[in-house]
Amino acid sequence: MLISFSIQNFGSIRDKQTLSFEADDSTHLEDYYVIKAGGMRLLKLALIYGANASGKTTILKALDFLRKLALNPKSQKNETLDFQPFLFDDQTPHQSSILSIEFLQNEVRYFYEVEFTQQAILREELYSYKTKKANVFKRTTDVEKQLSAITFGSKIAISKVFEKTLEANTLANNTVLGGFLKTNVEFAELQQATIWFKFSLLPIILPNLALHQIPANLQSGNTKKIVLQILKAADLRISDIAEKKNENLSTDEARNLISTVMKGLQYSDTQIATFNVINQKKLEFEHTVQNKRYSLPLELESQGTQRYYGSALLLCLLITKTSIINLDELESSLHPDLYIHFLLTFLVNAKSSQLIATTHNREILNNKDLFRNDAIWFTQKNEFGATELYSLADFDTSVVRDTTNVYNAYKVGKLGGVPHLGDYYIDFDQEE
């Protein structure tokens with residue numbers, strides 16, 4: 001489970017910003033929002049509001065970038081890391097960036113931090129909290145020589161041969177976690193950290209990702225039953241899901257989507273690599289009208305139905321596995337009522353999963369019986385053009401009281417995170 005995530009000098013974020021899943025002292029909606037694990041109270045949900053270009057998606061992309069650093073090591077040491085630091089400043093383009101994360105894996109708390117530039121990983125460290133905070137490793141890099149040096153904590157017993165092998169496999173532009181994945185040795189703490197990044201934290205889901213292209217044979221058994229139940233509850237008038245052979249599902253987008261979901265369902269890399277997309281089955285939705293059954297190919301369903309079918313697959317994953325999903329623009333193609341239905345289905349049924357979602361949908365803020373203050377976040381650009389991230393729970397009682405209508409307060413700009421729009425009229429005679 002995710003405890004917190006911090007970002008510094010990455011994209012639109014200049015100064016350190018932290019997204020926290022630690023619940024505050026409130027017991028409001030405790031049974032639906034709060035998971036008790038590792039001696040902590042952690043939230044299931046973080047909804048991030050903000051104007052366009054305020055940095056909402058940057059937070060999700062930074063988390064996804066960290067996942068890639070951990071799991072996808074570069075094969076050549078001269079390859080650069082694909083990101084941009086904060087560019088609206090004279091100093092930050094030449095400074096390093098820092099990402100840090102706290103998470104729970106098998107009830108053990110870990111803290112991981114990595115400092116980097118586009119050319120190299122400069123510093124990296126991992127701590128575990130089995131009883132009290134203990135260093136697992138620290139890593140530094142000689143950028144000029146492109147050599148990594150790794151030191152291990154006093155309680156870590158490893159051989160010199162392993163240490164040198166791991167250093168050799170940790171290229172200057174690779175993380176130690178990535179180097180470990182290329183090293184055939186046992187190391188419990190590194191193994192647990194990489195397992196968490198691989199199976200708990202799923203890749204980012206952007207609005208243009210066609211969720212409905214997930215192949216039908218991933219819906220076997222209980223998964224299909226759950227998805228169908230979710231679709232029926234959404235009043236989409238779908239009574240069954242049928243399958244027909246499809247010879248044309250081999251796009252890059254489909255393959256990437258398959259990989260995303262199969263990893264979440266804990267398929268091995270080998271199974272994913274050998275998965276044959278060409279011979280998958282094509283979906284048709286069965287509709288019952290006046291006691292007669294009619295089948296409609298998925299591509300003829302509305303965009304909203306297609307999107308919610310994909311959302312139902314994500315819900316199934318969140319409900320049946322311990323997963324963390326980063327979803328950009330949750331409300332994309334969904335009616336506001338269906339959007340809230342999705343969130344409530346997740347909150348009521350998921351036991352140990354977490355959802356981070358950017359959104360512009362304000363309707364949930366109109367009903368305090370649906371949200372907790374510590375689950376609502378805002379992004380806003382400051383006078384330097386840099387993203388600031390803060391929670392609704394950060395406001396004191398002079399701004400947000402128990403009686404405050406949060407929807408109205410947000411709508412009028414009292415909480416920030418809204419665009420400051422100019423005049424509607426265009427002056428066609430204005431001189432350049």
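The values are calculated or read from the model by the stated rules, or taken from the named source; none is laboratory data. In this text the structure is predicted, and so the values were computed from the model without any measurement. We place every Cβ from the backbone using ideal geometry, glycine too, and count neighbours over all the protein chains shown. These area figures cover heavy atoms from the full protein model, side chains too; ligands, DNA and RNA do not enter into them. Shrake-Rupley method; radii C 1.70, N 1.55, O 1.52, S 1.80 Å.
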Quick one: which residue in E124, E102, E115 is open to solvent by less than 70 Å² (accessible area, probe 1.4 Å), free of Cβ contacts under 8 Å to residues at least 24 places away in the same chain and in contact with a strand residue (DSSP E or B) (Cβ under 9 Å, 6 or more places away or on another chain)?
-> E115
When the range 34-65 is checked residue by residue, the ones that are farther than 24 Å from G385 by Cβ, in contact with a helix residue (DSSP H, G or I) (Cβ under 7 Å, 6 or more places away or on another chain) and either at pLDDT below 95 or among the basic types (K, R) (or both) are K44
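In the list K321, K368, which residue meets the criterion of being of a type outside the set (S, T, N, Q) and over 30 Å from E107 (Cα atoms)?
Going through K321, K368 in turn, just one is of a type outside the set (S, T, N, Q) and over 30 Å from E107 (Cα atoms): K368.
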Within the range 203-245, tally of residues that are of a type in the set (S, T, N, Q), modelled with pLDDT of 80 or more and either open to solvent by 50 Å² or more (accessible area, probe 1.4 Å) or farther than 21 Å from V289 by Cα (or both) | 1
Can you spot a residue in the range 77-99 that is closer than 21 Å to A193 by Cβ, at pLDDT 95 or above and buried (at least 22 other Cβ atoms within 10 Å of the Cβ)?
-> yes
Pairs where the first residue, in the range 418-429, is closer than 23 Å to N361 by Cα and the second is open to solvent by 100 Å² or more (accessible area, probe 1.4 Å), C-beta under 8 Å, 6+ apart = V418/K411; P419/N52
Within the set of pairs 6 or more residues apart or between chains, which connect a residue that is on the phi < 0 side of the Ramachandran plot and open to solvent by 100 Å² or more (accessible area, probe 1.4 Å) inside the range 154-171 to a residue that is outside any helix (DSSP H, G or I) and at pLDDT 90 or above with Cβ atoms less than 7 Å apart?
-> K155/A134
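Sort out which residues of the range 268-304 are part of a loop (DSSP other than H, G, I, E, B) and either modelled with pLDDT of 80 or more or of a type outside the set (A, V, I, L, M) (or both), and write them in order of number.
Passing the criteria: S268, T274, F275, N276, N279, Q280, Q290, N291, E301, S302.
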Subset of the range 172-194 (residues that are β-branched (V, I, T), open to solvent by less than 30 Å² (accessible area, probe 1.4 Å) and farther than 25 Å from F83 by Cβ) = T183
Filter result (open to solvent by 60 Å² or more (accessible area, probe 1.4 Å) and without any contact (Cβ under 8 Å) to a residue 12 or more places away in the chain) within the range 370-407 = E383, D394, D396, T397, S398, R401, D402, T403
Within the range 307-338, considering residues that are within 28 Å of S54 (Cα to Cα) and small (G, A, S), the one most open to solvent (accessible area, probe 1.4 Å) = S333
Within the range 339-357, identify whether any single residue is closer than 20 Å to N408 by Cβ and either open to solvent by less than 10 Å² (accessible area, probe 1.4 Å) or over 16 Å from the mean Cα position of the chain (by Cα) (or both), and answer yes or no.
-> yes
